[in-house]
1. Give me a count of the residues in the stretch 359-397 that are in a helix (DSSP H, G or I), of a type outside the set (A, V, I, L, M) and without any contact (Cβ under 8 Å) to a residue 40 or more places away in the chain.
2. Given the conditions (1) in contact with a Lys or Arg (Cβ under 7 Å, 6 or more places away or on another chain); (2) over 21 Å from K348 (Cα atoms); (3) of a type in the set (A, V, I, L, M), report the number of the one that V290 does not fulfil.
3. Being of a type in the set (D, E) and either surrounded by fewer than 19 Cβ atoms within 10 Å (Cβ to Cβ) or in a strand (DSSP E or B) (or both) is the filter; apply it to the stretch 274-331 and report the residue that is modelled with the lowest pLDDT.
4. Please enumerate the residues belonging to the stretch 120-142 that are modelled with pLDDT of 90 or more and part of a loop (DSSP other than H, G, I, E, B).
5. Within the stretch 196-211, identify whether any single residue is more than 20 Å from T366 (Cα to Cα), in contact with a Phe, Trp or Tyr (Cβ under 8 Å, 6 or more places away or on another chain) and not in a loop (DSSP other than H, G, I, E, B), and answer yes or no.
6. When you scan the stretch 359-367, do you find a residue that is surrounded by fewer than 19 Cβ atoms within 10 Å (Cβ to Cβ) and out of contact with any helix residue (DSSP H, G or I) (no Cβ under 8 Å at 6 or more places or on another chain), even just one?
7. Count, please, the residues in the stretch 91-136 that happen to be among the basic types (K, R) and over 25 Å from K249 (Cα atoms).
8. Which of the residues spanning the stretch 139-160 are open to solvent by less than 30 Å² (accessible area, probe 1.4 Å) and touching a helix residue (DSSP H, G or I) at 6+ places or on another chain (Cβ under 8 Å)?
Amino acid sequence: RPSSLPVIAQLMTPEMDNSVRRRRKAAKEIKVKIVERTHGRRGFRKKWQLLLAIALFLQTMGSLIYYHRLSSSSSDPADLSSLTEEQKEELRAHEPAIIRNLTDGTQFLLGRFCDSANDCFTILQRYWWNGEGLTAQRIIQYELAESWALTMSFLVTPEIVTAHYLDHTRWRVDHARPVWSYNLMQIAAGFMLEGLSFGRNSSSQPLQQQRVLQIGMGGGSATGFLSTMELDLHIDVVELEPAVYEAAKRWFDFPQSPNIDVHIMDGVVFLRKAVEAGLTFDSLILDTSVNSANATQVCPHPAFMQEQVMKDMSKVIGNTGVLSVNVFLSDQLKNQEEIAAKFTAYFKSCSALTITSYGQKFVVCTNREGFDWARQRQRMFANLAEFDDVIGTRIAPTIDKLNPVISDL
């Protein structure tokens, strides 16, 4: 009967078979050693990675505990006036690490709110190093359009950035430093068109109280800046949404003063009531917006472009008051002049001035005949220069450069 073994196996002698078996055994032993060595290296690598992960975890936890202890410690107060120079130097030694923690590119979420129309907003805080020092900013951002901000405010940079300020709510708003150029320009417009006055060229008699009406609060940037001015101003602020006012108080240090009255109501209704009551204002700041990602005309809100509302605004500024209107469109170079021109039917003099390098305009109007930028440019420039001198800004040269020739509207 034929063998079932392969032919090559039948031909092998016992000596040859033993030799093959010995070689196979040796090869197997070598393979086992290689596998054991490989597993050993892998095991060492995994142990090293585990040890590294544990070390990083402990370092992170240690930093968090350290910052928490410093933040809650009574020896690290926000007010440094009671500390000795040695104590301040100790705090300064930790400052670079704290600043690196703040400026890692993260935007910190402080809160969220929604208005009565279910438009929702987030309160964000961010920090960056500008080459000269730390800059901090707080923002109200529209959730449906992250490129839109309802308000931006700079925060006061402390003398020493201690762990106390790792709690982002402890930063205070710097009302004397507005972010938006249009906020500052709308305030300056009252002085440029002589509705408001610093009283420098008047007699020794003190100025009477001057009245400002602000429609549209946002985070209260304009109100906050006005509150820092050393003038006797009475400010009426009209805001449609209670949630916006609450956010301004909670997150933006909205100023509380007997000279500031807040009216939670429709600005259109307020204007009608003001006309009926015979109220007039030296400066009317209109900064109302449409909260929609698809809006082509964001500011002013179309409700304030209606004929009756235009008439009411003209009446409440009287003969010498000033209206300033923030104009913001999804396409800044389109339809601005058309919107600005609509105001000329209700005011004796209006100008549309460019206020940014990317073409944003704002409209200023008065009921003084012939009192526009085209015909009174030198006089208005001088008024802006006085504003710059008092406040410490540089508005006059910027506006003059951006508006070399302005035709009548």
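The values are calculated or read from the model by the stated rules, or taken from the named source; none is laboratory data. Quick caveat, the model's predicted, so the values are computed rather than measured. With ideal geometry, Cβ positions are generated from the backbone for all residues, glycine too; neighbour counts draw on all protein chains shown. Calculation scope for accessible area: heavy atoms of the full protein, side chains included, ligands and nucleic acids excluded. Shrake-Rupley method; radii C 1.70, N 1.55, O 1.52, S 1.80 Å.
1. To start, the set of residues in the stretch 359-397 that are in a helix (DSSP H, G or I) comprises 377-391, 395-397.
Cutting the leftovers down to of a type outside the set (A, V, I, L, M) gives us 377-379, 381, 383, 386-389, 397.
Checking the rest, the ones that are also without any contact (Cβ under 8 Å) to a residue 40 or more places away in the chain come to 377-379, 381, 388-389, 397.
Residues meeting the conditions: 7.
2. Unmet for V290, out of (1) in contact with a Lys or Arg (Cβ under 7 Å, 6 or more places away or on another chain); (2) over 21 Å from K348 (Cα atoms); (3) of a type in the set (A, V, I, L, M): (1).
3. Only one residue tops the list, namely D331.
4. G133
5. no
6. No, the stretch 359-367 contains no residue that is surrounded by fewer than 19 Cβ atoms within 10 Å (Cβ to Cβ) and out of contact with any helix residue (DSSP H, G or I) (no Cβ under 8 Å at 6 or more places or on another chain).
7. Quick first cut of the stretch 91-136, residues among the basic types (K, R) only: 92, 100, 112, 126.
Okay, now just the ones that are also over 25 Å from K249 (Cα atoms), so 92, 100.
Total satisfying the criteria: 2.
8. Residues satisfying the conditions are I140, T151, S153, P158, I160.
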